[in-house]
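Working notes for the structure below.
The values are calculated or read from the model by the stated rules, or taken from the named source; none is laboratory data. Not measured: the values here are computed from a predicted model. Here the Cβ positions follow ideal geometry from the backbone for every residue, glycine too, while neighbour counts run over all protein chains shown. Heads up: the accessible areas ignore ligands, DNA and RNA and are worked out on the full protein's heavy atoms, side chains in. Shrake-Rupley method; radii C 1.70, N 1.55, O 1.52, S 1.80 Å.
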Amino acid sequence: MAILALPSDTAALGRRLPQLFAGLVLYGVSMGLMYRASLGLDPWDVFHQGVARLVGLSIGTVVVLTGAAVLLLWIPLRQRPGIGTVANVLVLGVAMDRTLALLPAQHALAPRIALLAAGIVLNGLATGLYIGAELGPGPRDGLMTGLHRRTGRSLRLLRTGLELTVLLVGVLMGGNAGVGTVAYAVSIGPLAQFFLRWCTGARPRPRKE
């Protein structure tokens, strides 16, 4: 039995793999932009930042380690990761740390607002790219779908409960929640939906024999 869930349309990998990695790299970049805005992070990054401050590691390293730990929770849920799942664990944190190394901290409000807006929009595009590649969900999304399948609870309820939990824990550990957290929560759904249609709209449908 294969450890990874491999796509049935292997002939399309030459097109889907670049889209996957472009999406993951841009996702990590968007995380770095929102971090430098210092106006509040998305719930998972509030958690990542809190852990990073507690243990003294870079936030990108914590992103990688958290992704790997969440992936282990797939085992009792009998979830099988895809290529995109494993790549998600490895790429996001590295791309985020590289972005933070290249982008200095900002102190004036105007550039911080611009960074926040750019980060949220870029995050929506990145989400559309890597989900549209259809090579496996990220570990955090896969945890929610696995819990949904095993418990029968609604995805909305599970997502809300999980993100509120990591947000609260992150804040208690010193993570930065603020107006950016709210802006992300309100806008990322519509943005991801828009870009997902754009990223998959040109994909040819398989011919029926």
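Note on the stretch 49-81: residues that are on the phi < 0 side of the Ramachandran plot, surrounded by fewer than 20 Cβ atoms within 10 Å (Cβ to Cβ) and not in a helix (DSSP H, G or I) total 4. Say we look at the stretch 120-149 and pick out the residues that are in a helix (DSSP H, G or I) and among the small types (Gly, Ala, Ser); which of these is surrounded by the most Cβ atoms within 10 Å (Cβ to Cβ)? In this case the residue turns out to be Ala126. The one condition from (1) surrounded by fewer than 17 Cβ atoms within 10 Å (Cβ to Cβ); (2) outside any helix (DSSP H, G or I) that Leu39 does not meet is (1).
Tally time: how many residues in the stretch 64-99 are of a type in the set (A, V, I, L, M, F, W, C), more than 16 Å from the chain's Cα centre (by Cα) and farther than 26 Å from Gly189 by Cβ? Residues flagged as of a type in the set (A, V, I, L, M, F, W, C), more than 16 Å from the chain's Cα centre (by Cα) and farther than 26 Å from Gly189 by Cβ within the stretch 64-99 amount to 2. Scanning the stretch 93-103 for residues that are in contact (Cβ under 8 Å) with a residue 24 or more places away in the chain and open to solvent by 10 Å² or more (accessible area, probe 1.4 Å), we see that the one that is farthest from Ser58 (Cα to Cα) is Leu103.
Here is a check on your reading of the model: is Val182 assigned to a helix (DSSP H, G or I), β-branched (Val, Ile, Thr) and crowded, with 17+ Cβ neighbours inside 10 Å? So Val182 fails the test.
The C-beta contact set for the stretch 63-78 (first residue within 22 Å of Ser30 (Cβ to Cβ), second residue among the basic types (Lys, Arg), distance under 6 angstrom, 6+ apart or interchain) comprises Val70/Arg140.
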